Amino acid sequence: MIETDQTALVFKVGTNQKLYQSYLGTSLKPSDYTSLKDGQHEAYQSAGTDNLFEPAIQVLQADGNPSLDLKYVKHEVRQLNDHQQTTIELKDPEYPVRVLLILDAFPKESIITSAVTVINEGKEKLVLKQFASSMLHMDAPNYWLTQFHGDWASEMRMDEAPLTSGIKIVDSKLGTRADMYQSPMFYVAKGKQASETTGDVLAGTLAWTGNFRFAFEIDNSNSLRIITGINNYSSEWPLEAGEHFETPPFIFTYSNQGKGQASRNLHDWARNYAVLDGKEPRLTLLNNWEATGMKFDQQKLVNLFDDGVKLGVDLFLLDDGWFGRKYPRDDDHTSLGDWQEDPKKLPDGLGYLAKAATDKGIKFGIWLEPEMVNPKSELYEKHPDWMLKLPNREEHYYRNQLVLDLSNPKVQDFVYETVDKTLSIDKRISYVKWDCNRMMTNTYSPYLKNEQSKIAIAYVRGLYKVLDRIREKYPHLPMMLCSGGGGRTDYGGLKYFTEFWPSDNTDGLERIFIQWGYSNFFPANTIAAHITSWGKQPLKFRTDVAMMGKLGYDIEVGHMTEKELAFSKNAVATYKELSPIIWQGDLYRLLNPYEQPQAALMYVAKQGDEAVVFQFDWNTEMRNKPAYPVLLQGLDAGRQYRVEEVNLMPGGKSRLSENEKVLSGDYLMKVGLHFNGRNYASSVVKLTTN
Ligand code: GLA
């Protein structure tokens with residue numbers, strides 16, 4: 001039995017020694033577990049024997065037998081610091097294959113993670129053809145799948161539809177920029193559609209920075225099986241004698257109070273265990289990408305430091321374009337791989353910039369895309385066998401670049417050294433934006449030779465090896481995981497990163513939808529949100545949107561009016577005051593932008609004594625329509641809260657009916673706040689108790 005405060009997963013061993021799932025749902029009273037019926041569904045079903053539907057595991061044995069039979073051997077429960085780990089051992093009675101199901105239960109956060117180890121105990125090689133991290137079963141008349149998909153600049157579009165008979169696959173075959181079209185997370189609601197506050201819902205995501213595959217299959221009896229793991233597409237894994245294969249964990253929670261509770265469980269778990277320094281503060285920043293592109297020189301950057309100081313942000317982030325000696329990086333056709341400062345743009349190097357920034361009272365950070373190479377680079381000339389490309393075929397580029405072969409330990413060393421050498425230029429370099437701007441296509445690894453089916457998996461493992469080394473030397477350096485927008489958004493990566501870049505699209509209105517999507521699975525302190533010149537909404541609207549995540553700027557401060565600059569300075573100060581609640585509080589999504597031209601959400605401090613509400617309107621006809629109040633959630637009904645609208649434009653007046661009133665939590669949750677919004681109006685409201 002795997003149990004947390006809210007979620008439980010129960011297995012039973014049948015008389016045939018097979019392992020069955022007998023329960024998945026919200027936790028039961030301790031005495032009720034014994035009343036559970038024997039399970040109908042094999043817990044981790046293999047291919048090749050009597051399984052009629054999608055398997056969790058498929059093995060080609062050394063003698064050519066295409067089947068695996070798994071029988072229960074034993075299980076072991078270990079109490080680790082703050083969670084419990086159950087290892088269930090299964091074994092093929094005839095072939096030397098052992099499978100360990102490793103289930104970690106985090107009681108307080110109600111999260112279970114499921115990973116699998118397959119061990120070849122024989123003397124010959126076998127082939128793993130399917131290797132799921134988890135297989136879960138449900139029985140209900142209906143199932144609703146919410147998936148998240150998109151493209152560059154339109155990431156995390158949310159779609160909900162009923163599952164029907166047969167298989168629905170949500171997967172990625174993109175390799176590096178894996179999550180650009182499909183994101184590795186989903187909800188399955190059981191019986192009825194789940195809302196934010198009601199319904200039985202499973203929320204799950206895979207901790208893997210590469211190809212994933214989620215299969216949802218409804219069988220002839222209307223039972224649903226959910227199989228999640230690394231995508232086995234083109235990825236057969238040869239397992240040599242004595243070797244083992246470890247899958248990444250699939251992370252899930254089950255709530256009977258809708259999606260909001262499921263998200264809060266995931267956020268708590270993420271901050272406590274999954275994201276680098278999840279409980280620590282984040283740096284606000286000014287980035288130069290939207291403002292300068294690659295056209296800058298040393299002096300221009302030093303002037304921009306002043307803009308950062310004016311705004312009051314913590315850090316200046318130097319983006320793409322600072323490197324390349326033989327081939328200067330003036331556009332995206334050259335130089336990736338040549339990570340030395342361009343002497344024309346930066347004659348005194350990064351050290352000078354780091355010092356100049358620090359002297360002005362602002363930290364300095366740097367953009368890198370260390371996994372990539374442009375054909376026009378010294379790296380390409382020196383190491384033509386270090387990149388993924390097909391022999392006897394024309395090279396195929398995406399953004400004029402190729403992916404380095406991270407399955408090769410020499411290339412891993414190069415990527416590690418690139419980062420290490422850059423950081424060693426000056427200890428004051430205190431932030432890295434780690435980019436990855438292309439997916440794998442026309443993939444062939446010169447290093448893996450006749451084992452090409454390994455590349456997608458070996459690549460991610462190579463990347464993790466590099467990141468492990470970086471984190472050993474730089475355990476707390478803040479790093480942003482970026483992939484040409486939101487091409488990498490997973491908890492496998494976030495173990496090494498403090499935040500991620502959700503999308504290059506920073507249009508205020510579109511960002512509401514994008515950030516809303518991510519908020520289902522990631523806490524606000526990981527969702528980087530910058531104020532830029534994309535989008536035509538008022539600066540206040542764009543600022544309020546960015547404040548819902550980890551705030552930054554990527555804008556020409558020099559083009560701001562005096563009033564806008566005064567507002568922005570004030571906004572940074574306000575954000576600093578509110579950010580502990582935004583980053584560490586409980587999120588309640590109140591008005592869903594997919595349902596009306598309005599959005600609202602709030603963060604409540606863990607002690608319930610403070611909260612921040614964000615509200616947005618973009619209905620051009622709003623003036624002719626009744627404006628309904630926004631009912632708050634998560635407050636302490638018995639407490640009195642002072643309501644105060646903050647982040648107004650200088651001289652701006654609040655339209656909020658309840659502004660500056662003291663009201664009970666009960667009232668605010670039952671009667672709500674009247675924003676009286678107009679087109680492109682937005683509000684940030686602070687609630688405090690004495
Ligand atoms: C990607 C990133 C952007 C920017 C550019 C630089 O597109 O998503 O934020 O860093 O690369 O080339």
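Looking at segment 436-451, I want the residues that are of a type in the set (Val, Ile, Thr) and modelled with pLDDT of 95 or more and have a partner that is away from the ligand (no atom under 16 Å from the Cβ) and outside any loop (DSSP other than H, G, I, E, B) with Cβ atoms under 6 Å, at least 6 apart or on another chain. Which pairs are those?
Qualifying pairs under 6 Å: 443/455.
Within segment 277-311, restricting attention to residues that are of a type in the set (D, E, K, R) and within 26 Å of the chain's Cα centre (by Cα), which residue is nearest to the ligand (Cβ to nearest atom)?
Once the filter is applied, the top-ranked residue is 290.
Please work out if residue 446 is within 16 Å of the ligand (Cβ to nearest atom), under 25 Å from residue 402 (Cα atoms) and either in contact with a Pro (Cβ under 8 Å, 6 or more places away or on another chain) or not polar (S, T, N, Q) (or both). If you could, list the steps in order and put the result at the bottom.
Numbers: within 16 Å of the ligand (Cβ to nearest atom): no; under 25 Å from residue 402 (Cα atoms): yes; either in contact with a Pro (Cβ under 8 Å, 6 or more places away or on another chain) or not polar (S, T, N, Q) (or both): yes.
Spelling it out, it is not the case that residue 446 is within 16 Å of the ligand (Cβ to nearest atom), under 25 Å from residue 402 (Cα atoms) and either in contact with a Pro (Cβ under 8 Å, 6 or more places away or on another chain) or not polar (S, T, N, Q) (or both).
Here is a list: 433, 421. Which entry is part of a helix (DSSP H, G or I), among the charged types (D, E, K, R) and under 29 Å from residue 503 (Cα atoms)?
Working: 433 fails: part of a helix (DSSP H, G or I).
Going through 433, 421 in turn, the sole match is 421.
Restricting attention to segment 661-690, which residues are closer than 20 Å to residue 573 by Cα and of a type outside the set (S, T, N, Q)?
Selection gives 684, 685, 686, 687.
Return the total of residues in segment 102-125 being closer than 25 Å to residue 267 by Cα and in contact with a strand residue (DSSP E or B) (Cβ under 9 Å, 6 or more places away or on another chain).
Summing the residues that are closer than 25 Å to residue 267 by Cα and in contact with a strand residue (DSSP E or B) (Cβ under 9 Å, 6 or more places away or on another chain) in segment 102-125 gives 14.
Considering 433, 421, 473, which residue is of a type outside the set (Val, Ile, Thr), under 23 Å from residue 353 (Cβ atoms) and surrounded by 17 or more Cβ atoms within 10 Å (Cβ to Cβ)? Full working, then the answer.
Details: 421 fails: surrounded by 17 or more Cβ atoms within 10 Å (Cβ to Cβ); 473 fails: surrounded by 17 or more Cβ atoms within 10 Å (Cβ to Cβ).
Answer to the selection: 433.
Got a number for residues in segment 37-93 being touching a residue at least 60 places away in the same chain (Cβ under 8 Å), over 19 Å from residue 3 (Cβ atoms) and among the hydrophobic types (A, V, I, L, M, F, W, C)?
9
Got a sec? Which of 379, 317, 353 is within 30 Å of residue 571 (Cα to Cα), more than 29 Å from the chain's Cα centre (by Cα) and either in a helix (DSSP H, G or I) or within 16 Å of the ligand (Cβ to nearest atom) (or both)?
On the way: 379 fails: within 30 Å of residue 571 (Cα to Cα); 317 fails: more than 29 Å from the chain's Cα centre (by Cα).
Just one listed residue meets the conditions, 353.
Hey, does segment 316-338 have a residue that's closer than 20 Å to residue 383 by Cβ, of a type in the set (Lys, Arg) and in contact with a strand residue (DSSP E or B) (Cβ under 7 Å, 6 or more places away or on another chain)?
There is at least one residue in segment 316-338 that is closer than 20 Å to residue 383 by Cβ, of a type in the set (Lys, Arg) and in contact with a strand residue (DSSP E or B) (Cβ under 7 Å, 6 or more places away or on another chain).
Restricting to segment 564-584, name every residue that is touching a residue at least 40 places away in the same chain (Cβ under 8 Å) and either touching a strand residue (DSSP E or B) at 6+ places or on another chain (Cβ under 6 Å) or not in a helix (DSSP H, G or I) (or both).
574, 575, 578, 582
So which strands (runs of 3 or more DSSP E) stay within segment 443-561 end to end and still have 1 or more residues that are aromatic (Phe, Trp, Tyr), within 30 Å of residue 300 (Cα to Cα) and over 12 Å from the mean Cα position of the chain (by Cα)? Walk me through it before giving the result.
On the way: elements: 479-481, 528-531, 550-553.
It comes to 550-553.
Please work out which residue is nearest to the ligand (Cβ to nearest atom), limiting yourself to segment 458-478 and to residues that are out of contact with any Gly (no Cβ under 9 Å at 6 or more places or on another chain) and over 25 Å from residue 447 (Cα atoms).
Among them, the one singled out is 477.
Look through segment 90-110, keep the residues that are of a type in the set (Lys, Arg) and assigned to a strand (DSSP E or B), and return whichever of them is farthest from residue 11 (Cα to Cα).
Going residue by residue through segment 90-110, those that are of a type in the set (Lys, Arg) are 91, 98, 108.
Going one step further and asking which of them are assigned to a strand (DSSP E or B), we end up with 91, 98.
Working: 91: 16, 98: 18 Å.
Across segment 90-110, the extreme among qualifying residues is 98.
Let me confirm something: among 498, 506, 489, which residue is hydroxyl-bearing (Ser, Thr, Tyr), more than 19 Å from residue 206 (Cβ to Cβ) and more than 12 Å from the ligand (Cβ to nearest atom)?
Among 498, 506, 489, only 498 is hydroxyl-bearing (Ser, Thr, Tyr), more than 19 Å from residue 206 (Cβ to Cβ) and more than 12 Å from the ligand (Cβ to nearest atom).
The values are calculated or read from the model by the stated rules, or taken from the named source; none is laboratory data. Treat the numbers as computed from the prediction; the structure is a model and nothing was measured. Glycine gets a Cβ as well: all are built from the backbone with ideal geometry, and neighbour counts include every protein chain shown.
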